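The values are calculated or read from the model by the stated rules, or taken from the named source; none is laboratory data. This structure is a prediction, so every number in the text was calculated from the model and none was measured. Surface accessibility is based on the protein's heavy atoms, side chains included, excluding ligands, DNA and RNA. Shrake-Rupley method; radii C 1.70, N 1.55, O 1.52, S 1.80 Å.
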Amino acid sequence: MWGRAVRILLIAEQDVEFRMVGDLLKGIQGEVYQLSWCQADVSVLESTAVSRFQLVIWGSVSDPHIARDILTELGRQQANVPIVMLVDEAPAHVDLEAARRGESDILLRTGLDSQVLQRAIRRFARKSVDPQPAEFPTADPLTGLSNRQDFREQLARILDNAETPESVGLLLVDVDQFKKVNASYGQGAGDALIQLIAERIRSCLSAHQRVARIGGNEFAVVFQNVMGSVESECRVSIERIIQSMSRPFPVAQHAIRMNVSMGIAMNKETDVTVDAMLANADMAMRIAKREKGCNYQFYTSDMTDAAQTILKLEAEIRRGIRSEEFELHYQPRIDIKQNRIVGAECLVRWRHPTRGLLAPSHFIAVAEESGLIVPLGYWIIHHACKDLNELATKGHHDVQLAVNVSFKQFQDKNFVQTVANILSKQGITAGRLEFELTETTMMIEGQAVDQSLRKLSELGIDISLDDFGTGYSSFAHIQRLPISILKIDRSFVSSVTTNEDDATIVKAIINLAHSLSMQVIAEGAETAEQVEFLCLNKCDQVQGYFFSKPVIFDTLKKLLGQEDFVDRHIQSILAKSRALT
Ligand code: C2E
Ligand code: CA
Ligand code: CA
């Protein structure tokens with residue numbers, strides 16, 4: 001239909017989307033497409049001549065501010081290129097038909113296949129493109145280095161000439177936490193820092209290697225060797241860059257320490273495209289970024305497989321939240337002085353339509369990484385509050401429910417306010433709800449968590465420190481926070497009768513907590529011997545399979561109704577331990 005390759009620009013945060021769209025385009029018979037990928041970053045778009053494309057595909061851009069800036073930049077370039085948007089669900093405020101009558105379309109990700117995409121391209125892509133504006137800039141004004149467009153062209157030429165695999169290496173260098181510098185010291189300081197970093201990277205390269213600035217805080221270097229492997233040359237430069245970053249940068253009268261994350265891709269095949277190289281290096285860089293400090297990763301194809309699995313899971317979790325596939329199970333907590341169930345921990349489960357009931361280990365980490373734990377977390381808190389009210393109507397007014405809260409939830413600026421709204425809407429009074437946080441959560445988020453914890457505690461929520469003993473919290477820190485309960489980690493409890501060191505640790509934690517006027521809960525007690533040890537050492541509460549596995553809400557209500565529930569389990573143990581004390 002078109003006669004030659006249709007030029008399409010994809011604007012998306014992640015390379016996985018580039019691969020997905022690329023695969024769909026490959027599945028279209030009889031037409032040829034040339035897909036370019038532009039990261040969701042205004043400075044990248046600035047050096048992309050959008051008017052040379054026949055169609056823009058808009059993938060995921062999660063930050064609304066960035067999305068707005070990108071739209072402004074598209075307007076500034078007066079590109080008038082039709083846009084096809086990929087979305088998870090149809091936005092309520094957009095009239096799809098009206099959008100289609102204009103120069104744009106919205107395609108749902110679910111059900112998106114090659115045919116659907118082909119129809120949209122045929123309908124919307126422009127038949128001709130503007131010629132490349134002659135004066136389009138090739139240098140980045142701030143650093144004087146090549147900009148993204150110029151770099152792409154250089155890389156394309158190098159790849160075209162590459163005759164052997166592994167003879168071209170692309171290194172991406174991304175400055176970590178750069179936004180924080182702009183936010184704390186102002187844009188001027190951020191600009192100065194970029195210039196200094198550019199200079200430092202340049203000083204780590206050999207004379208024939210050139211660095212380009214291809215994004216706001218991203219640099220790229222090409223390595224080439226006509227004879228074959230360039231890997232060792234890459235490694236030498238990377239080590240030099242890491243070394244050079246160890247010195248602080250003098251910016252705005254401060255000595256700022258910065259880290260970079262690096263990803264490297266090789267031309268494994270000789271026909272690899274510029275965008276595929278960029279996508280591979282970008283993925284490796286993102287994996288390097290997960291570790292603290294300066295790190296690097298060489299791209300391997302397993303990375304793509306893993307990322308695609310995660311992306312699919314993310315979409316499924318999003319759907320699962322919408323269609324209420326999650327449910328709460330409850331594990332009773334037994335007060336071994338009063339001999340009764342005094343509370344329960346809420347543990348989320350996913351009733352997956354095809355995979356059955358899934359434990360948190362299958363989805364919590366991905367929900368945290370993608371930020372989906374925030375909406376899921378609100379659902380959990382809301383649901384726990386509803387169940388608290390139902391327990392009250394059955395006469396169990398003083399049973400406390402504990403919800404696990406992860407560090408990501410504290411990053412939501414509205415966290416405390418939203419929790420306050422849920423509590424007031426559900427009429428939850430002080431002392432009925434508890435939040436369990438791990439030591440890592442308290443340490444990672446630092447002051448922000450400290451403040452939120454104080455406010456949550458003022459709302460009447462008790463705070464417990466989960467998995468205690470496995471992290472690095474200092475007692476001075478714990479003492480300053482409104483923590484009322486320590487939960488001893490299962491790893492100590494499970495070996496308390498077989499390992500003397502663990503027994504000593506557990507006794508020490510119990511004494512310490514009591515001296516700080518905190519309650520102690522032992523998690524994961526499975527045997528009568530362990531429970532006996534805990535009774536003897538004056539632990540306050542026990543939670544574990546010995547008494548009950550996590551159960552559905554109806555079962556929890558039944559257990560609460562059984563007066564002799566605890567007695568049946570531990571009468572003999574308690575009698576023995578009481579006789580001894
Ligand atoms: P956790 O908070 O340490 O929860 C205790 C885990 O230990 C639960 O696993 C529970 O079923 C298990 N457990 C309890 N007693 C015993 C025992 O006697 N023996 C053994 N072998 N295991 C026992 P689960 O439900 O698979 O939860 C795993 C983790 O997932 C939780 O660890 C928590 O970190 C996370 N999680 C669970 N629900 C939520 C939630 O609603 N929100 C968040 N953010 N995380 C959650
Ligand atoms: Ca917990
Ligand atoms: Ca725990």
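In whole Å, how far is the Cα centre of the stretch 328-376 from that of the stretch 408-444? If we compute the Cα centre of each part, the gap is 16 Å. Angle, helix 373-393 long axis vs. longest principal axis of the chain, Cα atoms, 0 to 90°, nearest 10? Tilt of helix 373-393: around 20 degrees.
Give the angle, between 0 and 90 degrees and rounded to the nearest 10, that separates the Cα long axis of helix 301-322 from the longest principal axis of the Cα atoms of the chain. With rounding to tens, the tilt is 60 degrees. Under 12 Å of direct C-alpha separation, and excluding same-chain neighbours fewer than eight residues apart, Lys538 reaches these aspartates and glutamates: Asp335. Residue by residue, the stretch 267-278 carries 3J(HN,Hα) couplings of 7, 5, 10, 7, 9, 5, 8, 4, 5, 5, 4, 4 Hz when phi is fed to the Karplus relation 6.51 cos²θ - 1.76 cosθ + 1.60 (θ = phi - 60°); x denotes Gly or Pro.
With a ≥ b ≥ c the root eigenvalues of the C-alpha gyration tensor of the chain, is it rounded (a/c under 1.5), prolate (a/b larger than b/c) or oblate? Because a/c hits 1.5 or more and a/b exceeds b/c, the chain counts as prolate. The angle separating the long axis of helix 565-580 from the principal Cα axis of greatest extent in the chain is about 60 degrees. Cross-link partners among lysines for Lys425, C-alpha distance below 25 Å, same-chain residues fewer than 8 apart left out? Answer for Lys425, where 25 Å is the Cα cut-off: Lys386, Lys394, Lys408, Lys413, Lys455, Lys557, listed by chain and number. Computed from the Kirkwood radius of its Cα pairs, the Stokes-Einstein diffusion coefficient for the stretch 2-124 at 37 °C and 0.692 mPa s stands at 223 µm²/s. Proximity of backbone amide H atoms, modeled 1.01 Å from N, is registered between Cys38 and Leu10, Ile11, Ala12 at under 5 Å, excluding neighbours fewer than 5 places apart on the same chain. In sequence order, the stretch 517-529 has phi-based couplings of 6, 10, 7, 10, 10, 9, 9, x, 6, 10, 10, 4, 5 Hz under the Karplus curve 6.51 cos²θ - 1.76 cosθ + 1.60, θ = phi - 60°, and Gly or Pro positions carry x.
Residues whose amide H falls under 5 Å from that of Phe249, counting only those 5 or more places apart or on a different chain, are Ile256, Arg257, Met258, with hydrogens built in the peptide plane.
For the stretch 148-307, the number of Lys pairs separated by eight or more positions or lying on different chains, with C-alpha atoms closer than 18 Å, is 4. Rounded if a/c is under 1.5, else prolate if a/b is larger than b/c, else oblate: which is the stretch 156-266, with a ≥ b ≥ c the root eigenvalues of its Cα gyration tensor? It comes out prolate by the Cα gyration axes.
To put it simply, the accessible area of the chain at a 1.4 Å probe is 50 percent carbon and sulfur. Share of antiparallel DSSP beta bridges in the chain, in percent to the nearest 5? Taking every DSSP beta bridge with both residues in the chain, the antiparallel ones total about 45 percent.
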